[in-house]
Amino acid sequence: MKKFVVGLLITVLFAACNSTPEGYVLNGELRGDVENGTKVFLKTADSLRRALIDIDTATVENGQFTFLGNSDVPQMYYLFIDGIRGNCPIIMENGEIIFKAQVDSLTFAEIKGTPQNNLFMDYMEESRRLGSMSKTMNDDFRKASLAKDTATVEALRAEYFELQERAKDFELDFVKAHPDALISALILEKIMASKVLPFDEVQSLYEALTPEVKNSKPGKRMEKELEKAKTTAIGTKAPDFSGPTPNGEQLALNDVKGKLTLIDFWAAWCKPCRMENPNIVSVYEKYKDKGLNVVGVSLDRKKEDWIKAIESDGLSWNHVSHLQYFNDPIAQMYQVNAIPAAFLLDENGVIVAKNLRGPALEQKVAELLN
């Protein structure tokens, strides 16, 4: 209790010395078997989001601990307890934050006291409820499968897909209803990375966010990603590029554009790409005399693999590759972080469609060339 009282006294002194108090006070309470002197760590992701860096350390006394600091904009931090598995996300913003948790279930911590954490808890409660429903459904599915109860298996499969749609709708509805929530920016980041929504819809949701959320770390990351994504959005002119062909010459996009041009990002090691290749071959053979060109951009590492796949799959169109995997400068220019990926350009080099595969590709090509 002594440490907790000291923390409160520091807060009182801080307020007394400032006519307009600033900063945050995180008062934590841990229930369960936790020894006095146990360290609690506050961490956040580094600028590349590849590692966590230490921000502050506190000590547990009689199940309680305190952090003091200042955060100009809300930031997502992670709370770790020495010797305890797992961690708990928490939004650091100026004000008094109350944290309560059982040491053996940090993921179910209660965090409240500031606007962002209250919104975060609203989001987490519904997410946990949906997660619990998913777990129960998976358990029932496993039991039904073992019992060879096909009727129940089919019913559960349909319910599971419905639950997935509910979860997706919940996240979108949350973003729309709470443009003032930091978690909304984090949800939008995930949605944009997964490409489940068209660019213009993501852009619209981002524009609706409050200035405070836009000024947060995830808000600023979103701004940069959206700016980059604009360069390859439908309706924009495709960036020109050049790259080495299999015989070592340089080939530029502008030199081989047709009435309609498909830029196909693929690789010999990519099974979905190889499965789609026969469809592209079929569409190309059917429409090449009407003005369809294809430029293959390979993300292979080995030239021999690249050339062998071209020959094996009968890809009789133009090809380029820097043999640099996803570090290929053309892939980076087009924001390609997963393959297969494809961009369909009109005769002016404007992107008219993206990532069409199977019958959808031929349908669009036929629409534009017939």
Discussion item. Going through PRO211, PRO218 one at a time, which residue ends up being touching a Leu at 6+ places or on another chain (Cβ under 9 Å), outside the structural domain of ILE339 (by TED's automatic domain parsing) and more than 22 Å from PRO340 (Cβ to Cβ)?
Written reply: PRO218
Worksheet, complete the sentence: Checked against (1) more than 26 Å from the chain's Cα centre (by Cα); (2) crowded, with 17+ Cβ neighbours inside 10 Å, MET124 satisfies every condition except (1)
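May I ask you to list the residues in region 285-329 that are part of a helix (DSSP H, G or I) and touching a helix residue (DSSP H, G or I) at 6+ places or on another chain (Cβ under 9 Å)?
So in region 285-329, the residues part of a helix (DSSP H, G or I) come out as 285-290, 303-313, 325-327, 329.
Within region 285-329, LYS286, TYR287, LYS290, ALA309, SER312, ASP313, TYR325, PHE326 qualify.
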Worksheet item: Just one of the numbered conditions (1) polar (S, T, N, Q); (2) surrounded by fewer than 18 Cβ atoms within 10 Å (Cβ to Cβ); (3) touching a residue at least 24 places away in the same chain (Cβ under 8 Å) is not true of THR114; which one?
Response: (2)
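Just the residues that are out of contact with any strand residue (DSSP E or B) (no Cβ under 8 Å at 6 or more places or on another chain) and among the acidic types (Asp, Glu), please, taken from region 198-254.
Residues of region 198-254 that are out of contact with any strand residue (DSSP E or B) (no Cβ under 8 Å at 6 or more places or on another chain), as a first pass: 198-215, 219-231, 239, 247-249, 254.
Hits for region 198-254 are ASP200, GLU201, GLU207, GLU212, GLU223, GLU225, GLU227, GLU249.
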Worksheet entry | Residues (surrounded by 16 or more Cβ atoms within 10 Å (Cβ to Cβ), farther than 16 Å from PHE199 by Cα and without any contact (Cβ under 8 Å) to a residue 24 or more places away in the chain) located in region 325-365 | LYS364
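When residues of region 353-370 are filtered for being closer than 8 Å to ASN279 by Cβ and acidic (Asp, Glu), how many remain? Full working, then the answer.
The first filter runs over region 353-370 and keeps only residues closer than 8 Å to ASN279 by Cβ, leaving 357-358, 361-362.
Within this subset, residues satisfying the condition of being acidic (Asp, Glu) are 362.
Number satisfying all stated conditions: 1.
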Worksheet item: Among all residue pairs at least 6 apart or on different chains, which show Cβ distances below 8 Å where the first residue, located in region 43-62, is at positive phi and the second is among the aromatic types (Phe, Trp, Tyr) and not in a strand (DSSP E or B)?
Response: ASN62/PHE4
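Going by the conditions given, is PRO89 in contact (Cβ under 8 Å) with a residue 40 or more places away in the chain and outside the structural domain of PRO211 (by TED's automatic domain parsing)? Spell out how you get there, then give the answer.
Values: in contact (Cβ under 8 Å) with a residue 40 or more places away in the chain: no; outside the structural domain of PRO211 (by TED's automatic domain parsing): yes.
Answer is no for this residue.
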Worksheet, complete the sentence: Checking THR107, THR136, THR66 in turn, the sole residue that is of a type in the set (S, T, N, Q) and modelled with pLDDT under 90 turns out to be THR107
Worksheet item: Looking at this structure, is LEU260 within 20 Å of ASP346 (Cα to Cα), surrounded by 16 or more Cβ atoms within 10 Å (Cβ to Cβ) and at pLDDT 95 or above?
Response: yes
Worksheet entry | Qualifying position, being within 22 Å of VAL196 (Cβ to Cβ) and not hydrophobic (A, V, I, L, M, F, W, C), among ARG142, ARG129 | ARG129
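Criterion first (under 23 Å from ASN117 (Cβ atoms) and either among the hydrophobic types (A, V, I, L, M, F, W, C) or at pLDDT below 90 (or both)) does LEU48 satisfy it?
Details: under 23 Å from ASN117 (Cβ atoms): no; either among the hydrophobic types (A, V, I, L, M, F, W, C) or at pLDDT below 90 (or both): yes.
The answer is no for LEU48.
The values are calculated or read from the model by the stated rules, or taken from the named source; none is laboratory data. The structure presented is a predicted model; accordingly, all values stated were derived computationally and were not measured. Heads up, the Cβs are rebuilt from the backbone with ideal geometry, glycines too, and the neighbour counts pull from every protein chain shown.
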